[in-house]
Amino acid sequence: DTEVTQTPKHLVMGMTNKKSLKCEQHMGHRAMYWYKQKAKKPPELMFVYSYEKLSINESVPSRFSPECPNSSLLNLHLHALQPEDSALYLCASSQEGVSGNTIYFGEGSWLTVV
Amino acid sequence: AQSVAQPEDQVNVAEGNPLTVKCTYSVSGNPYLFWYVQYPNRGLQFLLKYITGDNLVKGSYGFEAEFNKSQTSFHLKKPSALVSDSALYFCAVRAAGGFKTIFGAGTRLFVKA
(Lines give C-alpha, C1' and ligand atoms only; values in the text may rest on other atoms or scores of the structure.)
Protein backbone atom coordinates (compact mmCIF):
# COMPACT_ATOMS: atom_id res chain seq x y z
CA ASP A 1 0.00 0.00 0.00
CA THR A 2 1.18 3.48 -0.85
CA GLU A 3 2.18 5.88 1.93
CA VAL A 4 1.32 8.85 -0.23
CA THR A 5 -2.34 9.73 0.24
CA GLN A 6 -4.28 11.76 -2.29
CA THR A 7 -7.74 13.28 -1.99
CA PRO A 8 -10.19 13.32 -3.57
CA LYS A 9 -9.96 10.15 -5.63
CA HIS A 10 -12.39 11.55 -8.17
CA LEU A 11 -13.25 15.14 -8.98
CA VAL A 12 -15.64 16.56 -11.56
CA MET A 13 -15.48 20.29 -12.04
CA GLY A 14 -16.81 22.89 -14.41
CA MET A 15 -14.55 25.20 -16.35
CA THR A 16 -15.37 28.13 -14.07
CA ASN A 17 -14.89 26.26 -10.80
CA LYS A 18 -12.07 26.50 -8.30
CA LYS A 19 -11.01 23.25 -6.66
CA SER A 20 -7.95 21.74 -5.04
CA LEU A 21 -6.21 18.38 -5.02
CA LYS A 22 -4.49 17.39 -1.81
CA CYS A 23 -1.57 15.12 -1.08
CA GLU A 24 -0.01 13.97 2.18
CA GLN A 25 3.00 11.83 3.03
CA HIS A 26 4.44 10.79 6.37
CA MET A 27 7.67 9.19 5.21
CA GLY A 28 9.80 12.21 6.12
CA HIS A 29 10.47 12.92 2.47
CA ARG A 30 11.49 16.46 1.61
CA ALA A 31 10.87 16.35 -2.14
CA MET A 32 7.30 16.24 -3.46
CA TYR A 33 6.03 16.10 -7.01
CA TRP A 34 2.95 16.56 -9.13
CA TYR A 35 2.61 14.49 -12.29
CA LYS A 36 -0.15 14.46 -14.89
CA GLN A 37 -1.04 11.23 -16.66
CA LYS A 38 -3.34 10.81 -19.63
CA ALA A 39 -4.85 7.43 -20.39
CA LYS A 40 -2.29 4.85 -21.53
CA LYS A 41 0.47 7.48 -21.49
CA PRO A 42 3.46 7.92 -19.18
CA PRO A 43 3.32 10.37 -16.29
CA GLU A 44 4.48 13.88 -17.17
CA LEU A 45 6.24 15.97 -14.56
CA MET A 46 4.48 19.21 -13.63
CA PHE A 47 6.08 20.54 -10.45
CA VAL A 48 8.79 19.61 -7.97
CA TYR A 49 9.09 20.96 -4.44
CA SER A 50 12.28 20.57 -2.47
CA TYR A 51 12.24 21.53 1.21
CA GLU A 52 8.91 23.29 0.66
CA LYS A 53 10.30 25.46 -2.12
CA LEU A 54 9.29 25.17 -5.74
CA SER A 55 12.33 23.96 -7.64
CA ILE A 56 10.87 22.84 -10.96
CA ASN A 57 7.89 24.13 -12.92
CA GLU A 58 7.67 22.36 -16.27
CA SER A 59 6.05 25.35 -17.99
CA VAL A 60 2.67 24.42 -16.58
CA PRO A 61 -0.22 26.83 -17.34
CA SER A 62 -1.05 29.22 -14.53
CA ARG A 63 -4.51 27.70 -14.13
CA PHE A 64 -2.61 25.07 -12.12
CA SER A 65 -1.18 26.52 -8.91
CA PRO A 66 0.86 24.33 -6.56
CA GLU A 67 1.32 24.94 -2.87
CA CYS A 68 3.46 23.21 -0.27
CA PRO A 69 2.25 24.33 3.19
CA ASN A 70 4.71 22.07 5.02
CA SER A 71 6.99 19.13 4.45
CA SER A 72 4.14 16.61 4.56
CA LEU A 73 1.52 18.36 2.46
CA LEU A 74 1.24 19.30 -1.18
CA ASN A 75 -1.76 20.93 -2.83
CA LEU A 76 -2.64 21.62 -6.42
CA HIS A 77 -5.12 24.47 -6.85
CA LEU A 78 -7.22 24.35 -9.99
CA HIS A 79 -9.01 27.27 -11.63
CA ALA A 80 -10.54 27.85 -15.04
CA LEU A 81 -9.48 24.49 -16.35
CA GLN A 82 -10.15 23.19 -19.83
CA PRO A 83 -11.63 19.82 -20.80
CA GLU A 84 -8.22 18.73 -22.09
CA ASP A 85 -6.94 19.03 -18.51
CA SER A 86 -8.96 15.94 -17.63
CA ALA A 87 -6.45 13.33 -16.51
CA LEU A 88 -5.07 11.37 -13.57
CA TYR A 89 -3.04 13.63 -11.31
CA LEU A 90 -0.36 11.81 -9.38
CA CYS A 91 1.40 13.08 -6.30
CA ALA A 92 4.75 11.58 -5.36
CA SER A 93 7.52 12.04 -2.84
CA SER A 94 11.16 11.08 -2.36
CA GLN A 95 14.01 11.56 0.04
CA GLU A 96 16.38 14.44 -0.44
CA GLY A 97 20.13 14.16 -0.70
CA VAL A 98 20.06 10.42 -1.27
CA SER A 99 21.61 8.98 -4.37
CA GLY A 100 19.15 7.21 -6.56
CA ASN A 101 16.24 8.18 -4.34
CA THR A 102 13.06 6.38 -5.31
CA ILE A 103 9.91 8.32 -6.10
CA TYR A 104 6.86 6.89 -4.38
CA PHE A 105 3.49 7.61 -5.91
CA GLY A 106 0.03 8.01 -4.52
CA GLU A 107 -3.01 6.38 -6.09
CA GLY A 108 -3.88 9.54 -7.94
CA SER A 109 -6.84 11.86 -8.30
CA TRP A 110 -9.02 11.42 -11.37
CA LEU A 111 -10.02 14.83 -12.65
CA THR A 112 -12.80 15.40 -15.17
CA VAL A 113 -13.40 18.92 -16.46
CA VAL A 114 -16.83 19.47 -17.98
CA ALA B 1 18.96 15.51 -22.28
CA GLN B 2 17.73 12.23 -20.93
CA SER B 3 15.31 9.85 -22.57
CA VAL B 4 13.88 6.38 -22.25
CA ALA B 5 12.63 4.06 -24.96
CA GLN B 6 10.37 1.07 -24.49
CA PRO B 7 10.25 -0.41 -27.98
CA GLU B 8 7.27 -2.70 -27.43
CA ASP B 9 3.75 -1.40 -26.88
CA GLN B 10 2.63 -4.83 -25.71
CA VAL B 11 4.25 -8.07 -24.67
CA ASN B 12 2.28 -11.30 -24.66
CA VAL B 13 3.47 -14.32 -22.74
CA ALA B 14 1.94 -17.55 -21.50
CA GLU B 15 1.66 -18.15 -17.79
CA GLY B 16 4.69 -20.00 -16.47
CA ASN B 17 6.96 -18.79 -19.26
CA PRO B 18 9.76 -16.28 -18.74
CA LEU B 19 9.04 -12.68 -19.61
CA THR B 20 11.19 -9.77 -20.72
CA VAL B 21 10.13 -6.14 -21.05
CA LYS B 22 12.73 -4.04 -22.85
CA CYS B 23 14.07 -0.61 -21.98
CA THR B 24 16.90 1.48 -23.36
CA TYR B 25 17.97 4.85 -22.07
CA SER B 26 20.04 7.90 -22.82
CA VAL B 27 21.43 10.14 -20.09
CA SER B 28 24.50 12.24 -19.44
CA GLY B 29 26.64 10.78 -16.72
CA ASN B 30 25.69 7.92 -14.46
CA PRO B 31 22.08 6.81 -14.74
CA TYR B 32 19.64 5.91 -12.05
CA LEU B 33 17.16 3.46 -13.58
CA PHE B 34 13.78 2.39 -12.30
CA TRP B 35 10.92 0.09 -13.12
CA TYR B 36 7.35 0.82 -12.06
CA VAL B 37 4.13 -1.13 -12.58
CA GLN B 38 0.66 0.35 -12.92
CA TYR B 39 -2.52 -1.67 -12.53
CA PRO B 40 -5.78 -0.32 -13.99
CA ASN B 41 -7.03 2.82 -12.27
CA ARG B 42 -4.14 2.78 -9.80
CA GLY B 43 -1.00 4.78 -9.15
CA LEU B 44 2.49 3.63 -10.04
CA GLN B 45 4.14 1.04 -7.82
CA PHE B 46 7.91 0.87 -7.52
CA LEU B 47 9.41 -2.49 -8.55
CA LEU B 48 13.17 -2.05 -8.53
CA LYS B 49 16.03 0.28 -9.29
CA TYR B 50 19.65 0.33 -10.36
CA ILE B 51 22.03 2.85 -8.83
CA THR B 52 25.41 1.17 -8.87
CA GLY B 53 26.99 -2.20 -8.20
CA ASP B 54 25.72 -5.53 -9.48
CA ASN B 55 24.25 -5.38 -12.93
CA LEU B 56 21.45 -7.76 -11.94
CA VAL B 57 18.95 -6.09 -9.66
CA LYS B 58 16.24 -7.99 -7.83
CA GLY B 59 12.96 -6.38 -6.93
CA SER B 60 9.41 -6.98 -5.81
CA TYR B 61 7.12 -9.85 -6.87
CA GLY B 62 9.98 -11.92 -8.32
CA PHE B 63 10.99 -9.34 -10.90
CA GLU B 64 14.59 -8.57 -11.74
CA ALA B 65 16.35 -6.30 -14.21
CA GLU B 66 19.70 -6.41 -15.90
CA PHE B 67 21.71 -3.26 -16.40
CA ASN B 68 23.92 -3.26 -19.49
CA LYS B 69 26.04 -0.15 -19.77
CA SER B 70 27.46 -0.88 -23.21
CA GLN B 71 23.99 -1.39 -24.67
CA THR B 72 22.42 1.32 -22.47
CA SER B 73 19.66 -1.10 -21.59
CA PHE B 74 17.77 -2.04 -18.46
CA HIS B 75 15.44 -4.91 -19.36
CA LEU B 76 12.89 -6.19 -16.87
CA LYS B 77 12.66 -9.95 -16.45
CA LYS B 78 10.80 -12.62 -14.55
CA PRO B 79 11.54 -16.34 -14.76
CA SER B 80 7.92 -17.46 -14.59
CA ALA B 81 5.04 -15.13 -15.48
CA LEU B 82 1.73 -15.03 -13.60
CA VAL B 83 -1.63 -13.91 -14.93
CA SER B 84 -1.64 -11.34 -12.13
CA ASP B 85 1.50 -9.75 -13.65
CA SER B 86 -0.67 -8.38 -16.44
CA ALA B 87 -0.33 -4.60 -16.15
CA LEU B 88 1.35 -1.54 -17.61
CA TYR B 89 5.09 -1.33 -16.99
CA PHE B 90 7.13 1.86 -17.07
CA CYS B 91 10.89 2.20 -17.26
CA ALA B 92 12.30 5.47 -15.93
CA VAL B 93 15.66 7.21 -15.81
CA ARG B 94 17.14 10.03 -13.81
CA ALA B 95 20.57 11.57 -14.11
CA ALA B 96 22.65 11.43 -10.94
CA GLY B 97 22.01 14.53 -8.85
CA GLY B 98 18.91 15.53 -10.80
CA PHE B 99 15.26 15.87 -9.88
CA LYS B 100 13.72 14.96 -13.19
CA THR B 101 12.67 11.37 -13.59
CA ILE B 102 11.73 10.67 -17.19
CA PHE B 103 9.37 7.81 -17.97
CA GLY B 104 9.21 5.63 -21.03
CA ALA B 105 5.98 5.29 -22.99
CA GLY B 106 5.06 2.12 -21.15
CA THR B 107 4.68 -1.52 -22.16
CA ARG B 108 1.49 -3.42 -21.59
CA LEU B 109 2.18 -6.95 -20.39
CA PHE B 110 -0.49 -9.53 -21.05
CA VAL B 111 -0.05 -12.94 -19.45
CA LYS B 112 -2.37 -15.60 -20.78
CA ALA B 113 -3.48 -18.51 -18.61
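The values are calculated or read from the model by the stated rules, or taken from the named source; none is laboratory data. Small disclaimer: the values here were computed from a predicted structure and weren't measured. Cβ atoms come from the backbone with ideal geometry, glycine included; neighbour counts cover every protein chain shown. Areas reflect the complete protein model, heavy atoms only, side chains present, ligands, DNA and RNA absent. Shrake-Rupley method; radii C 1.70, N 1.55, O 1.52, S 1.80 Å.
Data table
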quantity	calculated
Quotient of Cα Rg and 2.2 N^0.38 Å for chain A, N being how many residues it contains	1.00
Given charges at Cβ of Lys, Arg, Asp, Glu: the stretch A:1-111 dipole, positive-most of A:Ser94, A:Leu78, A:Gly28	A:Leu78
Radius 13 Å from Cβ of A:Cys91, net charge of other residues (Lys, Arg +1; Asp, Glu -1)	-1
Probe 1.4 Å, accessible area per residue of the stretch B:12-113, Å²	46
For the protein assembly as shown, alpha-carbon Rg relative to the globular expectation (2.2 N^0.38 Å, N residues)	1.02
Separation in nanometres of the label points that stand 7 Å from Cα toward Cβ, at A:Lys18 and A:Lys41	2.8
Cα-derived Rg to Rh of the stretch A:39-84, Kirkwood definition	0.99
Lys pairs, chain B - Cα-Cα below 26 angstrom, 8 or more residues apart or on other chains	23
Reduction of at least 50 Å² in accessible surface, 1.4 Å probe, comparing all protein chains with the chain by itself, residues of the stretch B:98-113	B:Phe99, B:Lys100, B:Phe103
Anchor A:Lys22: aspartates and glutamates whose Cα lies under 13 Å away (excluding residues fewer than 8 positions away in-chain)	A:Glu67, A:Glu107
B:Phe99 accessible area, assembled protein chains, probe 1.4 Å, Å²	60
At least 30 Å² of accessible area lost relative to the chain alone, listed for the stretch A:60-109 with a 1.4 Å probe	A:Ser99, A:Gly100, A:Asn101, A:Thr102, A:Ile103, A:Phe105, A:Glu107
With every protein chain in place, the stretch A:1-78: carbon and sulfur % of accessible area (1.4 Å)	48
Modelled label reach - B:Asp9, point 7 Å along Cα→Cβ, the stretch B:79-113 residues with backbone N closer than 20 Å	B:86-91, B:103-112
The stretch B:44-68-the stretch A:62-114 distance, computed between alpha-carbon centres (Å)	26
Cysteines (scope the protein assembly as shown) whose Cβ has no counterpart Cys Cβ under 4.7 Å	A:Cys68
Inter-label distance, nm, simple model (7 Å from Cα along the C-beta direction), B:Glu64/A:Thr5	3.8
Fraction of antiparallel bridges per DSSP, chain A only, in percent to nearest 5	90
B:Ile51 accessible area, 1.4 Å probe, all protein chains in place, Å² to nearest 10	60
